[in-house]
Amino acid sequence: MPSTSFVGSLSSPKVDVYVDTGNPLLNHTVDAFLKIGTVAAAKTVAEETYHVVRRGSVSKHNLEDALKKMCKEGAYWGAVAGVYVGMEYGIERVRGTRDWKNAMIGGALTGALVSAVSSSKGDKIITDAITGGAIATAAEFINYLT
């Protein structure tokens, strides 16, 4: 029985923008802000494009709203990523070692901080800290496997 196969590899283009502030902590934080903020803005573009296609029309008001959402989402997720990366880097410097525990502590502190800033109280802050630590730790382990 004849069979066919595909041999090759797929890769996405890699674009790196590096901003040198003269401080490694700020360099990491700005890098995370830019990368994750861009991802959040791109996600919003995709969602808004879907809504425009679904509606079948676009207006100036729709475009303005989409731009506002892009900026808001990009700034929010970029700030969260910047805080997380800054926390993780700071913890790495304080502990003097680079391991998964830095991700766990950085994620927990970021989860608690973001939760507290968004007017959460008590148990919600603790739950968000646990969630942040768990997600960051899982991401670190997944990154280690790849």
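The values are calculated or read from the model by the stated rules, or taken from the named source; none is laboratory data. None of these values were measured; they are calculated from a predicted model. Reconstructed Cβ throughout: ideal geometry from the backbone, glycine too, with neighbour counts over all protein chains shown.
So here's what we get for this one:
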read-out	value
Those residues of the stretch 114-146 which are of a type in the set (D, E, K, R) and farther than 15 Å from Glu88 by Cα, in sequence order	Lys121, Asp123, Lys124, Asp128
Subset of the stretch 120-146 [out of contact with any Asp or Glu (no Cβ under 7 Å at 6 or more places or on another chain) and part of a loop (DSSP other than H, G, I, E, B)]	Lys121, Gly122, Thr146
Test for Gly22: is it more than 24 Å from Ala139 (Cα to Cα) and surrounded by fewer than 18 Cβ atoms within 10 Å (Cβ to Cβ)	yes
Every residue from the stretch 92-103 that is surrounded by fewer than 21 Cβ atoms within 10 Å (Cβ to Cβ) and part of a helix (DSSP H, G or I)	Glu92, Arg93, Val94, Arg95, Trp100, Lys101
Selection status of Leu113, on the phi < 0 side of the Ramachandran plot, among the aliphatic types (A, V, I, L, M) and either modelled with pLDDT under 95 or surrounded by fewer than 19 Cβ atoms within 10 Å (Cβ to Cβ) (or both)	yes
Given (1) outside any helix (DSSP H, G or I); (2) surrounded by 13 or more Cβ atoms within 10 Å (Cβ to Cβ); (3) among the small types (Gly, Ala, Ser), number of the condition Ala40 does not satisfy	(1)
Options Leu26, Leu10: the member that is modelled with pLDDT under 95, part of a helix (DSSP H, G or I) and not charged (D, E, K, R)	Leu26
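Residue-wise test of (1) assigned to a helix (DSSP H, G or I); (2) of a type outside the set (A, V, I, L, M); (3) at pLDDT below 90.
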| site | (1), (2), (3) |
| --- | --- |
| Val17 | no, no, yes |
| Asp20 | no, yes, yes |
| Glu48 | yes, yes, no |
| Asp65 | yes, yes, no |
| Ile105 | yes, no, no |
